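What follows is one structure encoded as structure tokens, with my remarks underneath.
The values are calculated or read from the model by the stated rules, or taken from the named source; none is laboratory data. What you are looking at is a predicted structure, and each value in this text was computed from that prediction instead of being measured. In this analysis, Cβ positions are derived from the backbone assuming ideal geometry, glycine residues included, and neighbour counts consider all displayed protein chains. Accessible surface is based on the protein model in full, side chains and every heavy atom, while ligands, DNA and RNA are left aside. Shrake-Rupley method; radii C 1.70, N 1.55, O 1.52, S 1.80 Å.
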Amino acid sequence: MTVMTSTTASTLAPLNATFKRLHHFSHLASIASWDQAAMMPAKGNEARAAAMAELQVLMHQTLTDPALKALFAAAEKAELADADQASLAEMQREWALVNRLPQELVEAQSLAGARCEHAWRTQRKANDWQGFLGNFREVVKLARQEAKFLADATGTTPYEALMDKFEPGMSETAITQLFGDVKTWLPDLISKVITKQQNETVVAATGPFAIDKQRALGVEVMGLLGFDFEGGRLDISTHPFCGGVPQDVRITTRYNEATFAPSLMGIIHETGHARYEQRLPRDTLHLPVGRARSMGIHESQSLSFEMQLARNPAFLQLIAPLVKKHLGDQAAFDAANLARMITRVQRGFIRVDADELTYPAHVILRFEIERALIAGEIEAEDIPALWAGKMQDYLGVDVAGNFENGCMQDIHWPMGMFGYFPSYTLGAMYAAQYFATIRKTHPDMDARIANGDLSPVMDWLDANIWSQASRWSTDALVTRATGEPLNASHFRRHLEARYLAA
């Protein structure tokens, strides 16, 4: 907990009060957004969109109050402890970002995103790309305007300026180099693993799997992973997500009675996000320094749970009895077979259902398309053809004409969230680096997990990531936790060890 001197308290008090007010507004916006996705009837969308836009304007007005400039100037001159300096820096970063954007653009983006996302829910199911384009063109136009405002103010590229909202300090050049390296070895690795797995016997699970039973399984696994049900809940939405606020975390999944694994893995993924939120330090929740460090770090938590932990044979051995308890005792649910089933590598259409080996290919193609879109090198109309070409090149999958399972499958673009997708593969890289570090301290980690002791993982994440919030830059956070900044070689070694080992 930060201990303030009287001078520090008096200097930062008005700024802290402003950001506490913004925190309360953000709380309301988060819960309203969750309701919009999970509970709201269709005819409520226009009214909700207007209310959400008004709230965004109110938050924008709060942070663009001219009086804040003097308050920041005074705080910069004060002698502050290191923790307070870090808090001030995070407040300044958020303040600067908001002040680069005009109020009318913020309002227009909120309205356009709400309309596009709401229509997308039905247009996707109808495979209606042409209908979707009507709203989506406006979202793209406004995102380009935002990118120009931010890039002009910071001297970066337009795409990097948008990406900085999610990955502060990460450059477009660095992402391009990271992903370029992955593309040199990933296709061959995918082919080798698929060939290897063709010689394995996997007993298929026999459904159907009732939704209430899938939900009961998910809830029990959430409890095993430490989710606090007095501070959160599980619901259903078109696209799985984690929302709400740290004191009231809302996660969602979607179910298919023909298969249970996607909903279970989706729940585990979102539980990783939720545990991060639930364990953020309570004394700074109302301040930017008390929030998650970046979306890459956030995704590293969900992927630590879903990819590193949940696809570990030791964890699958632990939960195999739970799967049988809820879904029935069949040979497919024996621990060894369950592990082969959950780690099956397949070239498929859907990112959120992808295995951890093909997942980066889904992310890289989205990164390449949205980067070109924001740069004005392509238009929205060009996306389906580019998408189909890259899916064929990277995964050997024919998605031509299948918009529902192709370029319309994600919620990010309808909402105007350009620059987010790199966070997913960054998160996978961070997660691999975390677990390499944990294994050095706990070489018996797998045996302990199989016996139900998840403390080597949970305690390490709590101490090194969750409790640190945004006290440090991303590089500093990762270096303090693992002894080095991001090192993508851990990711490649993890995939080769898990999927090519005899």
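Some values worked out for this structure:
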quantity: Volume in Å³ per residue [convex hull over Cα atoms, computed for the range 320-387]; calculated: 111 Å³
quantity: Taking the C-alpha atoms of the range 343-382, convex hull volume expressed per residue in Å³; calculated: 69 Å³
quantity: P(r) of the range 285-414 over all Cα-Cα pairs, binned every 5 Å from zero, in whole percent; calculated: 2, 9, 14, 16, 14, 13, 13, 10, 6, 3, 1
quantity: Estimated Rh, the range 231-362: Kirkwood, alpha-carbon pairs, angstrom; calculated: 15.9 Å
quantity: Computed [θ] at 222 nm, helices only, for the chain once each DSSP H run of length n ≥ 4 contributes -39500 (n - 2.57); calculated: -20500 deg cm²/dmol
quantity: Distant alpha-carbon pairs in the range 1-113 (separation over 23 angstrom), percent; calculated: 40 percent
quantity: Student exercise, the range 22-171 dipole from Lys, Arg, Asp, Glu Cβ charges, in Debye to nearest 20; calculated: 740 debye
quantity: Equivalent-ellipsoid semi-axes of the range 171-246, from the Cα gyration tensor, Å, largest first; calculated: 34, 26, 11
quantity: Accessible area of the chain belonging to carbon and sulfur atoms, whole % at 1.4 Å probe; calculated: 53 percent
quantity: With eigenvalues of the C-alpha gyration tensor scaled by 5 and rooted, the range 197-281, Å; calculated: 27, 14, 11
quantity: In sequence order, calculated HN-Hα J values of the range 284-289 (Karplus, 6.51, -1.76, 1.60; Hz; x Gly/Pro); calculated: 10, 4, 7, 10, x, 5
quantity: Summed side-chain charge close to Glu172 - residues other than Glu172 whose Cβ falls under 12 Å, Lys, Arg +1, Asp, Glu -1; calculated: -4
quantity: Long-range Cα-Cα pairs in the range 157-199 (distance over 17 Å), rounded percent; calculated: 51 percent
quantity: Beta bridges per DSSP with both ends in the chain, % antiparallel, nearest 5; calculated: 50 percent
quantity: The range 358-407-the range 339-356 distance, computed between alpha-carbon centres (Å); calculated: 19 Å
quantity: Calculated diffusion of the chain, Stokes-Einstein form, Kirkwood radius summed over Cα pairs, 25 °C and 0.890 mPa s, µm²/s; calculated: 103 µm²/s
quantity: 10 Å binning of all Cα-Cα separations within the range 48-199, expressed as whole percents from 0 upward; calculated: 9, 23, 27, 23, 12, 5, 1
quantity: Nearest-0.05 FRET efficiency for Asn451 and Asp283, computed from C-beta distance (R0 35 Å); calculated: 0.50
quantity: Kirkwood Rh, angstrom, the range 280-331 [1 / mean 1/r, Cα pairs]; calculated: 13.7 Å
quantity: Label-to-label distance, nm, for residues given as Ala501 and Ala476 (7 Å Cα→Cβ offset); calculated: 3.6 nm
quantity: Area accessible to solvent at Val202, 1.4 Å probe radius, in Å²; calculated: 50 Å²
quantity: Reciprocal mean inverse distance between Cα atoms of the range 414-502 - Kirkwood radius, Å; calculated: 14.5 Å
quantity: Once the Cα gyration tensor of the range 138-272 is diagonalised, semi-axes √(5λ) in Å; calculated: 36, 26, 14
quantity: Per principal axis, descending, Cα span of the range 61-128 in whole Å; calculated: 60, 25, 14
quantity: 25 °C / 0.890 mPa s Stokes-Einstein diffusion coefficient of the range 340-443, Kirkwood radius on C-alpha pairs, µm²/s; calculated: 164 µm²/s
quantity: Mean accessible surface per residue for the chain, computed with a 1.4 Å probe while every protein chain stays in place, in Å²; calculated: 41 Å²
quantity: For the range 449-490, the fraction of alpha-carbon pairs in successive 10 Å shells from zero, as %; calculated: 27, 44, 26, 4
quantity: Two-site FRET efficiency, Ala314 against Arg492, from Cβ-Cβ distance with R₀ of 25 Å, rounded to 0.05; calculated: 0.70
quantity: Built amide H within the under 5 Å cut-off of Gly244, gap 5+; calculated: Trp34, Arg250
